[in-house]
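Single-structure report; data block below.
The values are calculated or read from the model by the stated rules, or taken from the named source; none is laboratory data. As the structure is a prediction and not an experimental result, all values here were calculated from the model. Here Cβ is always computed from backbone atoms with ideal geometry, including for glycine, and neighbour counts include all displayed protein chains. What goes into the accessible areas is simple: the full protein's heavy atoms, side chains included, and nothing from ligands, DNA or RNA. Shrake-Rupley method; radii C 1.70, N 1.55, O 1.52, S 1.80 Å.
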Amino acid sequence: MMKKTIDQNRRKLIIAAGLSVPAMALPFGAMAGNSSAPIATTAQGKLRGQAEQGVLTFKGVPYGGSVSGPDNRFKAPPPPAAWSGVRDATRFGAPALQKSQPFGMDQPDMNEDCLFLNVWTPALDGKKRPVMVYQHGGGFVIGSGAAPWQDGAALAREHDVVVVQSNHRLGLMGYLYLGELLGEEYEGNQGLQDLVAALKWVNQNIAQFGGDPDNVMIFGESGGGGKTSALYAMPSAQPYFAKASIESPIGPGHQTRQQATEMTREVMRRVNVTDPRELLTLPAEELVKAQVGTVPFKAGVHGPADASKTGETELMFWPLIDGKVLPKEPFSPDAPQVSAGKPLMVGTCKDESVFFYQGDKSVFNLSEEGLLQRLKPILGSRTNAWVDTFKTSRPQASPSEIFIAITTAKPWRAHHNRIAEGKARQGEASVFSYILDYDSPEVVRGTDFPQGSPHASDIAMKFNTAAQFGPKAEARLQTAANMSTMWANFARHSVPSAPGQPAWQPFTLANRETMIIDAQCRMKNDPESLERQFWADEPHADTEEPIS
């Protein structure tokens with residue numbers, strides 16, 4: 001089985017990152033049947049899009065064939081099928097199967113066949129614009145490319161770039177591994193292979209949407225950061241992107257073939273089958289129920305049927321290190337050589353862990369004793385050493401502030417630094433490090449604890465949708481303008497920048513240059529230096545494994 005984490009609630013909240021803002025209901029695009037609507041020609045056929053928010057949009061575009069049924073399930077995606085006539089592309093495609101319908105604008109119900117992408121472009125004019133391909137958050141188990149706070153219109157309109165986002169297989173459908181049980185045609189990591197198929201589609205077709213196939217940036221937050229890390233290490237993805245941004249990354253971890261096979265056997269136990277080929281024909285919804293722990297124990301494998309024994313632990317699906325699709329764990333112990341020449345951005349939010357504890361109000365009113373009690377299951381015998389170091393670094397901090405700082409450092413800041421260090425050590429292309437440090441005055445609901453910059457708060461910043469989602473404070477909107485401009489300029493020039501802000505210096509091992517992103521940004525060498533020097537020597541600081 002996969003290794004147990006020290007905090008199941010945190011892991012479950014991680015998969016929800018990027019989906020923490022209520023969705024806006026928007027009307028269905030009225031231009032679907034309009035003869036004046038934009039028409040784009042792809043290798044598969046013609047698409048009818050629509051003009052909205054000052055850009056042209058094409059939604060629900062198939063980039064792969066069917067991945068359902070006994071012939072296609074759990075395999076690499078086939079190429080997209082061609083069509084005749086003009087295909088309507090005014091509505092988002094079906095999101096991947098997951099525990100519940102994801103937030104999103106005007107999207108259909110979940111479906112096993114979910115290989116659709118969306119394009120936002122200023123014009124269909126043959127101009128070679130930078131292309132920004134986003135991997136959505138939600139761990140590797142939930143989410144979609146239709147979440148409104150990651151709408152690509154503002155980036156495309158304000159910065160003359162083309163934005164692409166995809167739906168792709170998630171959870172059990174994307175990462176159940178059958179290679180050891182059914183043979184090599186089941187390579188595994190089919191969800192990652194979907195992402196490569198989307199990049200292939202971009203490479204083949206994006207010029208028809210005013211984009212430059214030779215200047216593609218991939219980026220993603222949280223689970224999307226993990227997906228971007230994986231793409232950065234995948235040989236099959238290399239021809240299709242030029243640079244990357246890894247934001248508040250999780251995973252993709254270090255799961256082996258053996259561990260993945262054990263997880264498959266657990267799924268078989270839950271659905272009461274002994275022949276793995278039966279997994280190819282079971283209703284997909286039943287498999288998802290097994291993943292999320294809502295399938296009851298059945299007679300036979302489980303013993304006598306017992307309707308009260310429902311709600312087993314949710315299974316967390318992640319990529320596996322298979323030696324082929326994903327040959328090695330990205331950035332462990334070093335940066336992927338296959339992407340050595342590709343520039344990289346990497347960073348985190350200042351107060352990542354606030355997001356994960358919003359449902360536990362006691363965290364935001366801790367006593368000294370409570371601080372130690374809450375940290376000991378995470379840090380083990382090193383708890384006092386961590387606390388003493390962070391109190392020295394932050395002498396005015398309350399116990400709750402110390403708790404948030406430590407649980408942000410482990411694993412978020414430590415993982416961020418490991419990626420930056422590995423890329424800088426490689427020495428073949430620049431890496432740019434950042435911390436989002438907008439000090440939001442908003443408080444955690446039900447407390448008086450300031451949110452600061454929690455996990456996922458960067459999404460509306462880099463897409464510049466902050467005015468639509470969240471407070472409209474002037475400093476917040478300026479931070480969003482800065483961050484979105486920096487990301488677009490990195491896409492264009494491979495160096496992030498924004499007017500009126502300091503020049504962003506690449507990260508080096510000597511100085512550890514880091515951009516602190518705010519309404520007025522600032523460059524800082526080795527931020528949180530004392531803490532960093534401490535946890536740099538701590539085992540497992542950049543994972544959620546216990547330190548004991």
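Worth pointing out:
- Filtered residue count, segment 423-472, keeping only those that are surrounded by fewer than 15 Cβ atoms within 10 Å (Cβ to Cβ) and under 29 Å from PRO333 (Cβ atoms): 3
- Residue list for segment 123-142, restricted to those being buried (at least 20 other Cβ atoms within 10 Å of the Cβ) and not aromatic (Phe, Trp, Tyr): ARG129, PRO130, VAL131, MET132, VAL133, GLN135, HIS136, GLY137, GLY138, GLY139, VAL141, ILE142
- Members of segment 155-211 found to be aliphatic (A, V, I, L, M) and touching a Cys at 6+ places or on another chain (Cβ under 9 Å), listed by number: LEU170, MET173
- Among (1) under 29 Å from ASP212 (Cα atoms); (2) surrounded by fewer than 24 Cβ atoms within 10 Å (Cβ to Cβ), the one test that GLU185 misses: (1)
- Put simply, of GLY422, GLY470 the only residue that is in contact (Cβ under 8 Å) with a residue 60 or more places away in the chain and closer than 28 Å to ALA153 by Cβ is GLY470.
- Residue within segment 215-223 that is among the hydroxyl-bearing types (Ser, Thr, Tyr), at pLDDT 95 or above and assigned to a helix (DSSP H, G or I) present: no
- Subset of segment 39-80 that is in a loop (DSSP other than H, G, I, E, B) and hydrophobic (A, V, I, L, M, F, W, C) - its residue that is farthest from LEU280 (Cα to Cα): ALA43
- Within segment 485-512, residues that are within 13 Å of ALA429 (Cα to Cα) and acidic (Asp, Glu) reach no partner that is open to solvent by 10 Å² or more (accessible area, probe 1.4 Å) and in a helix (DSSP H, G or I) with beta carbons closer than 8 Å at six or more positions or on different chains.
- One residue stands out among those in segment 143-172 that are touching a Pro at 6+ places or on another chain (Cβ under 7 Å) and surrounded by fewer than 24 Cβ atoms within 10 Å (Cβ to Cβ): the one that is farthest from VAL288 (Cα to Cα), which is ASP160.
- Among residues of segment 250-273 that are without any contact (Cβ under 8 Å) to a residue 60 or more places away in the chain and basic (Lys, Arg), those with a beta-carbon under 7 Å from a residue that is surrounded by fewer than 16 Cβ atoms within 10 Å (Cβ to Cβ) and not in a helix (DSSP H, G or I) at least six positions away or on a different chain give the pairs ARG269/VAL301.
- Segment 175-211 - residue that is polar (S, T, N, Q) and in a helix (DSSP H, G or I) and, of those, nearest to ALA244 (Cα to Cα): ASN203
- Search result, residues across segment 337-392 that are of a type in the set (Ser, Thr, Tyr) and open to solvent by 20 Å² or more (accessible area, probe 1.4 Å): SER362, SER367, SER381, THR389, THR392
- Filter result for ALA414 (free of Cβ contacts under 8 Å to residues at least 24 places away in the same chain and within 21 Å of the chain's Cα centre (by Cα)): no
- Checking each residue in segment 421-452 for being under 24 Å from VAL133 (Cα atoms) and hydroxyl-bearing (Ser, Thr, Tyr) picks out SER430, SER433, TYR434.
- Residue list for segment 229-244, restricted to those being hydroxyl-bearing (Ser, Thr, Tyr) and in contact with a helix residue (DSSP H, G or I) (Cβ under 6 Å, 6 or more places away or on another chain): TYR232, SER236, TYR240
- One residue from ILE218, ILE246, ILE206 being surrounded by 18 or more Cβ atoms within 10 Å (Cβ to Cβ), in contact with a strand residue (DSSP E or B) (Cβ under 7 Å, 6 or more places away or on another chain), aliphatic (A, V, I, L, M) and more than 27 Å from GLY323 (Cα to Cα): ILE206
- Of the criteria (1) under 23 Å from the mean Cα position of the chain (by Cα); (2) within 16 Å of CYS349 (Cβ to Cβ); (3) open to solvent by less than 20 Å² (accessible area, probe 1.4 Å), which one CYS521 fails: (1)
- Here VAL346 passes the criteria (1) under 30 Å from MET234 (Cβ atoms); (2) in a loop (DSSP other than H, G, I, E, B) except the one numbered (2).
- Test: residue in segment 532-546 that is assigned to a helix (DSSP H, G or I) and surrounded by 22 or more Cβ atoms within 10 Å (Cβ to Cβ): yes
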